[in-house]
Amino acid sequence: MPDNLKLNEWVAEMAALCAPDRVVWLDGSEEEKRRLEGAAVASGELTALDPARFPGCFYHRTDPRDVARTEHLTFICSRTQAEAGPTNNWLSPEDGYRRASEIFKGSMKGRAMYAIPFSMGPVGSPFSKIGVQLTDSIYVCLNMRIMTRIGDPVRAALGPDGDFTKCLHGKADLSPERRLILHFPEDNAIWSVGSGYGGNALLGKKCLSLRIASWQARREGWLAEHMLILGIEDPAGKVEYVTAAFPSACGKTNLAMLIPPDGLKRKGYKVWTVGDDIAWLRVGSDGRLWAVNPEAGFFGVAPGTNSRSNPNALATARRNTIFTNVLLGDDKTVWWEDGEGAPPASGTDWQGRPWKPGMKDADGRRVVGAHPNSRFTAPLAQCPSASPRCDDPQGVPISAVIFGSRRARLAPLVYQTFDWDHGVYAGATVASERMAAADGKVGEVRRDPMAMLPFCGYNMADYFTYWLQMGRRIPSPPKIFHVNWFRRDEQGRFLWPGYGENLRVLEWVLARCRGAGKARQTPIGWVPTADALDLTGLELPAGAMDKLLAVDVEAWKAEVEDHGRFFSRFEGRLSPDIKRQQALLAERLAACVGVGK
Ligand code: GTP
Ligand code: SPV
Ligand code: MN
C-alpha cells in the first residue's frame, strides 16, 4: 500500500485525540466483513437474522433518541457565517473544532478506531471523490461497506499524495446534548460525534456527497444534488434518463425502482435504477447534463415497503442487508408497518421494548413496531432493476430534471416549466410536508428548495445563482418539471394512486422532452390536458383527474407571496433573475383572474 503522508499524519493526530486502543485499517475483503460481523454480534451491536429467510442479514437498533438526522445539531463551519447563509446553522471553525474536541477527547478508550478508505463514485474515476472515515462503530463500518466502495483499492487509488475528505466519527455517549455534526468545507473535513444514525454517521452520504460536495461542485463547475436517477427503456430499446429531487421520505427510492403498471405493460417499458438519493451532475462533451450516483447501496425507508408498493426494494433487501430500528421478531425475522405479510407473534420494538401485534398504549393508540424512519441498508447491485450503467464513470445523460414534494393542496400532479430559469425558480420554491427522516414536527409544510435545505453546504442564495449559471453552461439542458403525488381530496384521501402508476406521468414528461405530449399553458407552466396521460387500466374516481391537474389561481397568488417571505431571508444576496421569475409568475397569475381552474 502506498504511504500517504498526509493521511498517516491525520490518522495519528485523530487517534491521539480519541485515544482508542488500536487503529484498524479496513481492506474491504469478505474475510474482514465476516470478522466484523462476528465481533458486532458478540458485543450485541448486531443481531444475526434467520439465515433461511434473511441470509446474510443483520438487525441493529440505535439509541431511541438517535433515530433521525438532527438538523439543529448540524453545522457548516465555514470561515464566515455569510458563506453558510441563513438556512444553515453556523459555527466558526475554531469553535467547531474546540467544542467537538471536548466530546471526542478520550472517547474511544478501550476500543478500536476503524479507518475506512472509501470512494464516492467508481474507484479511480476522475469524477469520484475519496474520503477516509475514522469511526468507533462496527455498524458504521458495515454500512459504509454497502453504501460506498471501500478498502485497499481505494487506498491504492488515493496514492501517496492524493487528496481526501477527512471524516472523523465517534459515538461518544450518544446523548443529543453531546452531539455535533460539523462540516469544515475549507478544510475538506467532517467531524460527527454523538450519533450512530445513518445520515449523521455514514459520512460519505449527506455530509460528504451533498454538503461538502455541493461546496466543491460550485468551485469545480458541477452539481451535487439530492436526486434519484432512473432510466426508462422503450420497446425499441432506447433508454432515456431522468433525475428527480424530492425531500427526505417523499418517494425517491420508490420512483427509482418503479415497476410499470399493468395498464402500460403492453407498451413494454423497462425501468432501470441508477440511484435513489444522490446525483452528481456534470456537463458532458456532447453538451448534455450527465449524472453519476456516487453511492453503491440504498439506505431506504422501511415502513410502507411491501410487494405492492416497491417489490424491487423488497427483493433487494432480502439478503446481505442491515435493518435499523425496525421490529425484531423473536423468530429472528424483521417486520415493519405496511410491510410484507403478518407481523411475528412477538418481538422487540424500535425502542427495545417487548411488542405484540395489536398492542395499544395507555391512550389507546396503536404501538408501532418499527420507527417511521426505520431503514434498510442494501447493495445496489442486488436490485432487480439495477442499471448496467451504475458503475459507468461517465454516468448517464439526463433528459429531464424533476422537482417534487408532498403537498396536500396547490401543486398539480405534474407541470413543465417554461425554461431553465423558470425551472430553477420552481425548484427554489419547493415546499413539502415534513417527514420523520429528521427530528421536527411531522406534517408541517416548510420550504425545501431543490430538496436541499438540510444538505446545501453553502449560502442558498448563492446556490440558486449557481443553478442559474449552470443553465447558461449546458448547451442542451434537460427540461425541468414539477410533480406532486400527494394531492388530496376534501376527505383527505390521496387523489393519485402513486408508486408504479407514476410511470404514466414520466411517460408524459419524456414526450414533452421530445416536443410531443399534449399540454395547456397555465400561469405556473405547461399542465397536461385532461386526456394527455395514458390512463389505460387505471380506474380513477370521477373528477379526480380534473382535481389533480387544477391550477387554483387565487391559491397560487397567496403562494407567490409566501415565496417572497421565504426569499426575504436572503436579503441582498438573491439573484435578480430569481426575483424576475417571481415577478413574471405574479404577472401571469394577475393576468388570468378566475381562469385556469
Ligand atoms: P430519503 O431516503 O429520506 O431521502 O427518502 P425517499 O425520497 O427515498 O423516500 P421513499 O421513496 O423511501 O418514500 C418514503 C415514503 O413515501 C414511504 O412511506 C412511501 O410509501 C411513500 N411514497 C413513495 N412514493 C409514493 C407515491 O407515489 N404515492 C404515495 N402516496 N406515497 C408514496
Ligand atoms: C434522508 O433523510 O434524506 C435520507 C436518509 O436519505 S439519511 O441518510 O439519514 O440522510
Ligand atoms: Mn435522502
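Each value in this text was obtained by applying a stated rule to the coordinates, not by laboratory testing. These numbers were taken from a predicted model, which means no experiment stands behind them. We place every Cβ from the backbone using ideal geometry, glycine too, and count neighbours over all the protein chains shown.
For the peptides 85-98, 171-184, 489-502, what is the packing order when you average, over each peptide's residues, the other Cβ atoms within 10 Å and list the highest mean first?
On the way: 85-98: 17.0, 171-184: 19.6, 489-502: 15.3.
Descending packing order for the listed peptides: 171-184, 85-98, 489-502.
All other residues with a Cβ under 13 Å from the Cβ of GLU233 taken together, and with Lys, Arg as +1 and Asp, Glu as -1, what is their net charge? Net local charge, GLU233 excluded: +1.
Other residues whose C-beta falls under 12 angstrom from the C-beta of VAL445 contribute a net charge of +2, scoring Lys and Arg +1 and Asp and Glu -1. Express as a percent, rounded to the nearest 5, the fraction of DSSP beta bridges in the chain (both residues included) that run antiparallel. In the chain, approximately 65 percent of DSSP beta bridges are antiparallel ones.
Counting only residues at least eight positions apart within a chain, or on another chain, the lysines with an alpha carbon under 22 Å from that of LYS557 are LYS547, LYS579, LYS597.
Each DSSP beta bridge with both residues in region 373-507 is either parallel or antiparallel, and the antiparallel ones are about 60%. Rounded to the nearest whole Hz, the Karplus-based 3J(HN,Hα) values (6.51 cos²θ - 1.76 cosθ + 1.60, θ = phi - 60°) of region 319-332 follow the sequence 9, 6, 10, 10, 9, 10, 6, 8, 7, 9, x, 5, 8, 6, with x at glycine and proline. Put +1 on the Cβ of every Lys and Arg and -1 on every Asp and Glu Cβ in the chain; which of GLY196, ALA315, TRP556 then has its Cα farthest towards the positive end of the dipole? Result: TRP556.
Sorting check: for 18-24, 482-488, 356-362, which peptide has the highest mean count of neighbouring beta carbons within 10 Å, and how do the rest follow? The partial results should precede the final answer.
Numbers: 18-24: 16.4, 482-488: 22.0, 356-362: 10.4.
Put in order of decreasing packing, that is 482-488, 18-24, 356-362.
With the cut-off at 1.5 for a/c, could you classify region 298-382 from its C-alpha gyration tensor as rounded, prolate or oblate? Can you show the working numbers first?
Working: a/c = 2.08, a/b = 1.88, b/c = 1.10.
Because a/c hits 1.5 or more and a/b exceeds b/c, region 298-382 counts as prolate.
So what's the projected area for region 448-597, the Cα convex hull averaged over all directions, in nm²?
Projected over every direction and averaged, the Cα hull of region 448-597 covers 10.9 nm².
Set against the 2.2 N^0.38 Å expectation for a compact globular protein, region 88-209 has a Cα radius of gyration ratio of 1.03.
Taking R0 as 25 Å, what FRET efficiency do you get between ARG266 and ASP546 from their Cβ-Cβ distance, rounded to the nearest 0.05? The value I calculate is 0.45. What FRET efficiency do you get for HIS72 and SER101 if R0 is 22 Å and r is their Cβ-Cβ distance, rounded to the nearest 0.05? The pair HIS72/SER101 has a calculated efficiency of 0.60. Reported to the nearest whole Å, the Cα centre-to-centre distance from region 383-446 to region 39-59 is 35.
Given LYS441/LYS479; LYS205/LYS332; LYS332/LYS360; LYS33/LYS206; LYS206/LYS479, which pairs have Cα atoms separated by over 31 Å? Before the final figure, lay out each step's value.
Working: LYS441/LYS479 34 Å; LYS205/LYS332 29 Å; LYS332/LYS360 23 Å; LYS33/LYS206 24 Å; LYS206/LYS479 26 Å.
From the list (LYS441/LYS479; LYS205/LYS332; LYS332/LYS360; LYS33/LYS206; LYS206/LYS479), the Cα-Cα distance tops 31 Å for LYS441/LYS479.
Per the Kirkwood formula on distinct C-alpha pairs, the Rh of the chain is how many angstrom? Don't skip to the answer; put the middle values down first.
On the way: mean 1/r = 0.0405 Å⁻¹.
This gives a value of 24.7 Å.
Amide hydrogen proximity for ALA296: with H placed 1.01 Å from N in the peptide plane, the residues at 5 or more positions away or on another chain lying under 5 Å are THR148.
Summary value for region 409-543: 29 percent relative contact order, contacts being C-alpha pairs under 8 angstrom separated by 6+ residues.
Summed over qualifying helices (DSSP H, 4 residues or more, each -39500 (n - 2.57)) and divided by its residue number, the chain shows a 222 nm mean residue ellipticity of -7500 deg cm²/dmol.
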